[in-house]
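Novice: Pasting a structure below so you can have a look.
Since every read-out is calculated from the coordinates, none of them should be taken as a lab result. Since the model is a prediction, treat every value here as computed from it, not as a measurement. Here Cβ is always computed from backbone atoms with ideal geometry, including for glycine, and neighbour counts include all displayed protein chains.
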Amino acid sequence: MNKVIETILNHRSVRKFTNEQLTEEQIHTIVACAQAASTSSFVQAYSIIGVTDQEIKKQLVEISGGQAYVEENGHFFIFCADLYRHELIGKMENRNVIPTIESTEKFMVALIDAALAAQNAAIAAESMGLGICYIGGIRNYLEEVSKLLKIPKRVIPLFGMSVGYPAKETAKKPRLPLEHIYHTNEYERDIKVSESQLQEYNQTISVYYKERTNGKRSDTWTGQIANMLEKSTRTYMKEYVEKQKMNLR
């Protein structure tokens, strides 16, 4: 096993960092690694915003639901789906690109491009001995985030990423069994097989939580996810995306 694979398999979310800030060289290296990710048809439909202003960080803490590590970290990145520059390209080249950049397909391209770039950034950071935590909570109030960061039309802030030096070691969460994720030739649709795999995983997760909390928690994964999915959240998202002139066709 090489060091790249070891870094990937050793991933865990870090939610408590030291006060040490990332250097400019570290930041630029992480962004360069993000840019090295695959991008559909060389479209490069994403942007990254680095947030260093403490007042902006404090407001992002409130927006994201009080997650202190949005403010207390070595550096905070926000990854955006971005088709703003592509509208500009159309104007520069005198081409009608609007129907294409307003399509669901290009919306998906922008989401995928941003996610691929972010995961490259995460692996790069972890390979440097840093920890990371994705912050989906910025989508709680995207109108406020957009105003705060002066986001133009055709750009959507998707998630943040707190990066820094871990203040303590955190446990690695067990993932779903490989056979439940990886299908050969066709999708496994046998409900009994799927339920058996999920029950086995529930036992693994329950043990994980018991050990992590000294017996205070014993959640199952299916119970945890069902509780989460039962509550509708961020139901404004479709309206916001369309307001940003994306996913209209």
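Novice: Pull up all non-local amide H partners of GLY74: gap of 5 or more, or a different chain, and H-to-H distance under 5 Å with H placed in the peptide plane.
Specialist: Hits under the 5 Å cutoff: VAL163, GLY164, TYR165.
Novice: In the neighborhood of THR233, defined by Cβ-to-Cβ distances under 15 Å, what is the net charge if each Lys or Arg adds +1 and each Asp or Glu adds -1?
Specialist: Every neighbour counted, the sum reads +2.
Novice: Could you calculate the contour length gain from TYR134 to LYS168, that is, 0.36 nm times the residue separation minus the distance between their Cα atoms, to one decimal place in nm?
Specialist: Value of the extension gain: 10.5 nm.
Novice: Let me have the 222 nm mean residue ellipticity of the chain computed from DSSP H runs of 4+ only, each contributing -39500 (n - 2.57), with the sum over all residues rounded to the nearest 500.
Specialist: Roughly -14000 deg cm²/dmol at 222 nm, from the helical runs in the chain.
Novice: Could you tell me the relative contact order of the chain? Use alpha-carbon pairs under 8 Å, at least six residues apart, and round to a whole percent. Before the final figure, lay out each step's value.
Specialist: Details: 359 pairs, mean separation 64.3, N = 249.
After rounding, I find 26 percent.
Novice: Here's a follow-up. Round to the nearest 0.05 the FRET efficiency obtained for GLN21 and SER127 when R0 = 22 Å and r is the Cβ-Cβ distance. Kindly include the intermediate steps, with their values, before the conclusion.
Specialist: Values: r = 19 Å, r/R0 = 0.85.
Working from the Cβ atoms, E equals 0.70.
Novice: In the neighborhood of GLN44, defined by Cβ-to-Cβ distances under 9 Å, what is the net charge if each Lys or Arg adds +1 and each Asp or Glu adds -1? Provide the component values of the computation, followed by the final result.
Specialist: Values: positive: ARG85; negative: ASP82, ASP113.
Value of the local net charge: -1.
Novice: Place a +1 charge on the Cβ of each Lys and Arg in the chain and a -1 charge on the Cβ of each Asp and Glu, then give the dipole magnitude about the Cα centre in debye, rounded to the nearest 20. Don't jump to the answer; show the numbers that get you there.
Specialist: Values: 31 positive and 30 negative charges, 83 e Å.
That gives a dipole near 400 debye.
Novice: Applying a 10 Å radius around every beta-carbon, put 82-90, 6-14 in order of their mean neighbour count, most first. Display every interim value, and only then the final one.
Specialist: Working: 82-90: 18.1, 6-14: 14.0.
My ranking of the peptides, most packed first, is 82-90, 6-14.
Novice: Residues of region 42-70 with backbone nitrogen within less than 17 Å of a virtual label 7 Å along the Cα-to-Cβ line of THR233, please, listed as ranges.
Specialist: From region 42-70, the list is 60-70.
Novice: A follow-up question, please. Which whole-Hz ³J(HN,Hα) couplings does region 230-239 yield from phi under the Karplus relation 6.51 cos²θ - 1.76 cosθ + 1.60, θ = phi - 60°, glycine and proline marked x?
Specialist: Those phi angles translate into 5, 9, 6, 10, 6, 6, 7, 4, 4, 4 Hz.
Novice: Continuing with this model, one more query. For the pair ASN214 and ASN185, how long in nm is the line joining their label points, each one 7 Å along Cα→Cβ?
Specialist: For ASN214 paired with ASN185, the spin-label model returns 5.3 nm.
Novice: Under a 5 Å amide H to amide H cut-off, with H placed in plane at 1.01 Å, what residues pair with PHE17 once short-range neighbours are removed?
Specialist: ALA167
Novice: Residue by residue through region 144-160, which ³J(HN,Hα) values in whole Hz follow from phi under the Karplus form 6.51 cos²θ - 1.76 cosθ + 1.60 (θ = phi - 60°), with glycine and proline marked x?
Specialist: 5, 4, 4, 5, 4, 9, 6, 7, x, 4, 6, 10, 10, x, 9, 6, x
Novice: If you take every residue apart from LYS57 with its C-beta less than 9 Å away from the C-beta of LYS57, what net charge results, scoring Lys and Arg +1 and Asp and Glu -1? Please report the intermediate quantities before stating the final value.
Specialist: Working: positive: LYS58; negative: ASP53, GLU55, GLU71, GLU72.
Result for the neighbourhood of LYS57: -3.
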